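Comments concern the structure below.
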């Protein structure tokens, strides 16, 4: 473990990846690289970044005049984003049909998105938060609309552009009010300022910031873009949006609501707001998915539903325990945080399995409607099994990994007495079962229209097997899985418990 | 009449709401995009006003003080907005080439 005395060293992974991405972009302009070479160079850069990130301790350290913070959460999410980006770039190169034949930007842009996401996880200042979030969003605008001659992709890109711009405007207006009434943009300084008392203007700013973040995590009522963009974007980018962008949104949501507004005054305002929003996301996401016939739209609505589940864990991170007068012990906050992280990891596994299968099928089937899956189990047992397992995991059926995540959310909600939310969580989980079973029924109990077997190449087969093993393994060994997440958060936090995760009161 | 912080905030809020209404009600993508920029500029105005009128509670002798953080933030917002416009206009141009229109009611490829 590197315990750097110059804390700027904690920037090394981000700097490495930035240099790598710029270098690749430049090299690509001068040297004729095949798309495969570009992709594998990018993968090598990500692998190095991941290894370098692993080498650091978990702080917590605040550096660059309080602009950045390196702690367990930052390290965990940096690794999470690097893994996500590796899967995305691999998918773009190996699995789906080539998106473009000119230029390697389709490979380099996800690297920039990853840099933005990594900085988001390290942000300790609204300034860095804003710039990092815009880096993520602007590179996503391009990626979503990358197939610009395809009307659906372009339309998805434009819808994402307008709604993303709107959310940035809300975010920046909110930051302006928070800055104006506290005189600083640093998270810890603002938290100190707002310890006991929240002026109306600051509360207003906080709600605007929540709207801005709400767009990124696709929470109701700011979810309208999700199904359209999910349907129009290339498969690998849809998976990236669904996992990377959502995890990025949740890490800053946790930093902002638990860190900046984690004092009693702040909690009193955002807990009711987020509770209503979580209930709406659970109901709308899961009920609107039922009539969907297009698989990518179905996963889009289900992703809105999953936002609802994760929001319940965020709320559970602070809610008053019954009979507790002075609020919010740090352990409770960490339980909620761990639940969020575990949920996002299981969501990553299941979502990528599903989208890899969809990307393979996209080249062979006439469309991605549910009825096109008919008899898939006879045409390719592996694809059918992988897709079925990922859907069952997303539905939260034991013993798959999605069940562990849902169980942790339910336990957090139960322990903190959030019985109303709990009711909706269980209702939504049951409703979700219904629409996740539709595609499975088509794959296993319908006659195929076309008997030709679908071949899957070797590397896709290997990755699918690994993902399946992880989906089942994290479910069966849930105890060691959640304590693994727990440990990667808290490796060094015991001595810094109060300072860890920026949750000083 | 002395112009105070509240005047600036009111102007910024009016700009913000006009921009929001533009985004919601106008049907032309270019106008919508201009309205979005107006919302960002409203936020910038808020920032500058707050930082110009920032006062330290503990020093009544210097009621107002240029608090530089907000003004620095404005430069970040302007830069980011420029990058966003570059990408946004490119997308709108690509749309015009494909469909010969920039009206939102013609974006109907993806729907429920």
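Among the residues of the range A:153-169, those that are under 15 Å from residue B:77 (Cα atoms) and at the interface with chain B (Cβ under 8 Å from one of its Cβ atoms) comprise A:165, A:166, A:168, A:169. The single condition among (1) away from chain B (no Cβ under 14 Å); (2) in a helix (DSSP H, G or I); (3) modelled with pLDDT under 90 that residue A:102 does not meet is (2).
Within the range A:225-248, work out how many residues are farther than 16 Å from residue A:141 by Cα and surrounded by fewer than 24 Cβ atoms within 10 Å (Cβ to Cβ). The qualifying residues number 0. Among the conditions (1) closer than 26 Å to residue A:254 by Cβ; (2) surrounded by 23 or more Cβ atoms within 10 Å (Cβ to Cβ); (3) at the interface with chain B (Cβ under 7 Å from one of its Cβ atoms), residue A:131 misses just one, which is (2). Among the residues making up the range A:140-152, those that are part of a helix (DSSP H, G or I) and facing another protein chain (nearest Cβ under 9 Å) are A:141, A:142, A:151, A:152. In the range A:50-78, how many are in contact (Cβ under 8 Å) with a residue 40 or more places away in the chain and not in a loop (DSSP other than H, G, I, E, B)? Qualifying residue count for the region: 17. Residues in the range A:256-273 include none that are away from every other protein chain (no Cβ under 14 Å), at pLDDT 90 or above, under 17 Å from residue A:425 (Cα atoms) and under 17 Å from the mean Cα position of the chain (by Cα).
Looking across the range A:142-158, the residues that are surrounded by 21 or more Cβ atoms within 10 Å (Cβ to Cβ) and within 21 Å of the chain's Cα centre (by Cα) come down to A:143, A:144, A:145, A:156, A:157.
Looking only at residues in the range A:350-373 that are outside any helix (DSSP H, G or I) and over 16 Å from residue A:391 (Cβ atoms), the one that is modelled with the highest pLDDT is A:365. Of the residues in the range A:213-223, not one is in contact (Cβ under 8 Å) with a residue 60 or more places away in the chain, surrounded by fewer than 24 Cβ atoms within 10 Å (Cβ to Cβ) and either in contact with a strand residue (DSSP E or B) (Cβ under 8 Å, 6 or more places away or on another chain) or part of a helix (DSSP H, G or I) (or both). The selection criterion, being buried (at least 24 other Cβ atoms within 10 Å of the Cβ) and in a helix (DSSP H, G or I), does not hold for residue A:259.
Each residue in the range B:25-44 was checked for being facing chain A (nearest Cβ under 9 Å) and over 9 Å from the mean Cα position of the chain (by Cα), and 3 pass.
Looking across the range A:17-36, the residues that are crowded, with 16+ Cβ neighbours inside 10 Å and assigned to a helix (DSSP H, G or I) come down to A:17, A:18, A:20, A:21, A:24, A:25, A:28, A:35.
Checked against (1) over 30 Å from residue A:189 (Cβ atoms); (2) within 13 Å of another protein chain (Cβ to nearest Cβ); (3) modelled with pLDDT of 95 or more, residue A:85 passes all but condition (2). Here is the figure for the range B:86-112: residues that are part of a helix (DSSP H, G or I) and either touching a helix residue (DSSP H, G or I) at 6+ places or on another chain (Cβ under 7 Å) or facing chain A (nearest Cβ under 7 Å) (or both) total 10. Considering A:207, A:171, A:120, the condition of being within 23 Å of the chain's Cα centre (by Cα), closer than 20 Å to residue A:63 by Cα and touching a residue at least 24 places away in the same chain (Cβ under 8 Å) is satisfied by A:120 alone. Residue A:302 passes every criterion in (1) farther than 24 Å from residue A:139 by Cβ; (2) within 16 Å of the chain's Cα centre (by Cα); (3) outside any helix (DSSP H, G or I) apart from (3). For the range A:183-206, taking the residues that are away from chain B (no Cβ under 13 Å), in contact with a helix residue (DSSP H, G or I) (Cβ under 7 Å, 6 or more places away or on another chain) and part of a helix (DSSP H, G or I), the one that is surrounded by the fewest Cβ atoms within 10 Å (Cβ to Cβ) is identified as A:188. Please verify whether the range A:230-238 includes one or more residues that are within 22 Å of residue A:435 (Cα to Cα), part of a helix (DSSP H, G or I), within 14 Å of another protein chain (Cβ to nearest Cβ) and over 16 Å from the mean Cα position of the chain (by Cα). Checking the range A:230-238: at least one residue is within 22 Å of residue A:435 (Cα to Cα), part of a helix (DSSP H, G or I), within 14 Å of another protein chain (Cβ to nearest Cβ) and over 16 Å from the mean Cα position of the chain (by Cα). When you check residue A:447 against the structure, is it in contact with a strand residue (DSSP E or B) (Cβ under 9 Å, 6 or more places away or on another chain) and in contact (Cβ under 8 Å) with a residue 40 or more places away in the chain, yes or no? In short, no. From the list B:16, B:73, the one residue that fits, being modelled with pLDDT of 90 or more, at the interface with chain A (Cβ under 7 Å from one of its Cβ atoms) and closer than 23 Å to residue A:135 by Cβ, is B:73. If you check A:472, A:426 for being in a helix (DSSP H, G or I), loosely packed, with under 15 Cβ neighbours inside 10 Å and touching a helix residue (DSSP H, G or I) at 6+ places or on another chain (Cβ under 9 Å), only one passes: A:426. If you check residue B:66 against the conditions, is it farther than 21 Å from residue A:174 by Cβ, at the interface with chain A (Cβ under 10 Å from one of its Cβ atoms) and at pLDDT below 85? Here the answer is no, as residue B:66 does not meet what is asked.
The values are calculated or read from the model by the stated rules, or taken from the named source; none is laboratory data. Model, not experiment: these values are computed from the prediction. Glycine gets a Cβ as well: all are built from the backbone with ideal geometry, and neighbour counts include every protein chain shown.
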